[in-house]
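Nothing in this text is a laboratory measurement; each read-out follows from the coordinates by a stated rule. Predicted, not measured: the structure shown is a model, and the values here were computed from it. Ideal geometry is used to build each Cβ from the backbone, glycine not excepted, and the neighbour counts take in all protein chains shown.
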Amino acid sequence: MSQEFLLPDLGEGLTEAEVVSWLVAAGDQVDVDQMVVEVESAKSVVSLPCPFPGVVRTVHAAEGATVHSGDPLITIDTEAVGAEPAGSGGGVPASTAPEPVPGTALREDADEGSGAVLVGYGTRPSKHRAVRPTGRFGRKPAPDAVPAAAAATAASGSPGLGTMTALDPTRNSPVVSPLVRRLAADHGFNARHLPGSGPGDVVMRADVTRYIAESGAARADPATSGATPQADPTTPGDRRIPIAGLRKVVAEQMSRSRREIPEATIWMDVDATELLNAKARLQKSTGERFSVVALIARFVVAGLQKFPVLNSSVDTARGEIVQHGRINLGLAAQTPRGLMVPVVPDAGDETLRGLRDKIAGVVDKAADGKFAPETLSGGTFTLNNYGPLGTDGSTPIINFPEAAMLGVGRIMDRPWVVDGELAVRKVVYLSLVFDHRVCDGADPSGFLTYVAGCIEDPMSFLADV
């Protein structure tokens, strides 16, 4: 018997992923919970375990391909290695098997489990016959499949798969799944405005893909659309890079931040000489290493406790400013996958040593960018250290929906006036960008001045510990 391993729900509202690499190939034997593929979502790279044993018959997606939740990844022949087919030997007969839960690909026994952690996904061995649901909430048909209901519609001359599909803004057809609605929205139309070919006039994926193909062909045909075909702007030597995966999420977040947040930026040059001296003394007295980022992060946490309005977000639906009780410190990190912002939760409860250790864990994982999805959400304030990139200053974009971000530039030898005399000091450039809906200039200025004071005179920080 063949079983299809479908891309599970990845959680966090994620509906698609890119196949990074296959860990198996057609003809390979696999066991339950064996990792078979690595996929990259907008949040992280994860390895997926196979939920049943057998021999791989078909690999449905090539490396680099984008797949959606519910799409088949591989087909497994569970009988090829003598595996007992689901439903035999004490299982529930097909005629009496429980009805599948709407929206699920397989019914699984609730008493056994392997501990898979992906939302809506498990690797429990089923004691029941594998049942694929059909109808409104069942598995989507192949794009070229024509349901009987659609064939009848076409034969009657009504709008359907047999005729050119037309959008009707007054139509409110039911849609088989959020994935189909998303596919339509990504192509600029509402799936509910299409005639459905499924039972009860449900709009299926095939209806949406057919409309996309038809309308695209019509636009490409000047005789039917009246439009002049657009020339391809690509010239020899140009390279097209898809905006997908993490890059797509970053682009959407940055665009939304610029679009919705009226941000303002303030900045300050700070003498960091005493900070470096204090760091050296601390390391000598404890025998432990402390990074400049860890020290500044601890000052930032203390500053947010003094000026909590910067640890906020805006709830536009309710017209409220949400001042967060927890300080979840985001750390902007440049990784091989691109810009990511892992979060140190409850940073306000950490000692300098505890915060240092958690930041070190973030730095280690930044080497490959394989952060767990849960570590990339829930931030309330972001610290962006772009000094290692060789940059003195910046006006960073706020990490939506947060209300502020502190940027730290590189530490450089610069001329500085000390007690009326010109001297060479270690100087760093700080920039704070904040949401002007949340506060005016007083609190951001107070926060920046406080952090700068701690950097210039770390001993002053002890008064607040």
* Could you list, in their original order, any pairs among Lys306/Lys426; Lys284/Lys306; Lys248/Lys370; Lys306/Lys365 whose Cα atoms are separated by more than 23 Å? => Lys306/Lys426; Lys284/Lys306; Lys306/Lys365
* Asked: Amide H to amide H, which residues 5 or more places from Val36 or on other chains are under 5 Å from it, using H placed in the peptide plane?
  -> Leu48, Cys50
* Listed highest first by mean packing, meaning other Cβ atoms within 10 Å per residue, what order do 377-390, 19-32 come in? -> 377-390, 19-32
* To do: In whole Hz, with x marking every Gly and Pro, tabulate ³J(HN,Hα) for the stretch 412-417 from phi via Karplus 6.51 cos²θ - 1.76 cosθ + 1.60, θ = phi - 60°.
  => 10, 6, 9, x, 8, 8
* **For the stretch 380-433, fraction of C-alpha pairs farther apart than 19 Å, in %** => 39 percent
* Structure fact -> Taking a crude spin-label model, label points 7 Å out from Cα along the C-beta direction, the Asp440 to Ser285 distance in nm is 4.2 nm
* Structure fact -> In whole Hz, the Karplus estimates of ³J(HN,Hα) for the stretch 445-457 (6.51, -1.76, 1.60; θ = phi - 60°; x where Gly or Pro) are 5, x, 5, 5, 5, 5, 4, 4, x, 5, 5, 6, 9
* Structure fact -> Taking a straight Cα-to-Cα line shorter than 16 Å from Lys279, and setting aside same-chain aspartates and glutamates fewer than 8 residues away, one finds Asp271, Glu288, Asp357, Glu456, Asp457
* **Relative packing of 447-453, 362-368, 420-426, which averages over residues the other C-beta atoms within 10 Å, highest first** => 447-453, 362-368, 420-426
* Can you sort Ile212, Ile74, Ile243, Ile261 so the residue with the fewest Cβ neighbours within 10 Å comes first? -> Ile243, Ile212, Ile261, Ile74
* What ³J(HN,Hα) values, in whole Hz, does the Karplus curve 6.51 cos²θ - 1.76 cosθ + 1.60 give for the stretch 301-313 when θ = phi - 60°, with x put for Gly and Pro? -> 4, 4, x, 5, 5, 7, 10, x, 5, 6, 9, 9, 8
* Could you quote the convex hull projected area for the stretch 263-464, Cα atoms only and averaged over all directions, in nm²? => 12.1 nm²
* Asked: Under a 5 Å amide H to amide H cut-off, with H placed in plane at 1.01 Å, what residues pair with Arg425 once short-range neighbours are removed?
  -> Arg414, Trp416
* Asked: Non-local amide H neighbours of Val314 (under 5 Å, H modeled in plane, Pro and chain starts lacking H): which ones?
  -> Val322
* Structure fact -> To the nearest 0.05, the calculated FRET efficiency linking Ala62 and Asp168 through their beta-carbon distance, R0 being 35 Å, is 0.40
* Please order Val322, Val208 by the number of other Cβ within 10 Å, starting at the fewest. => Val322, Val208
* Report, in whole Å, the centroid distance computed from the Cα atoms of the stretch 291-355 and the stretch 44-66. => 37 Å
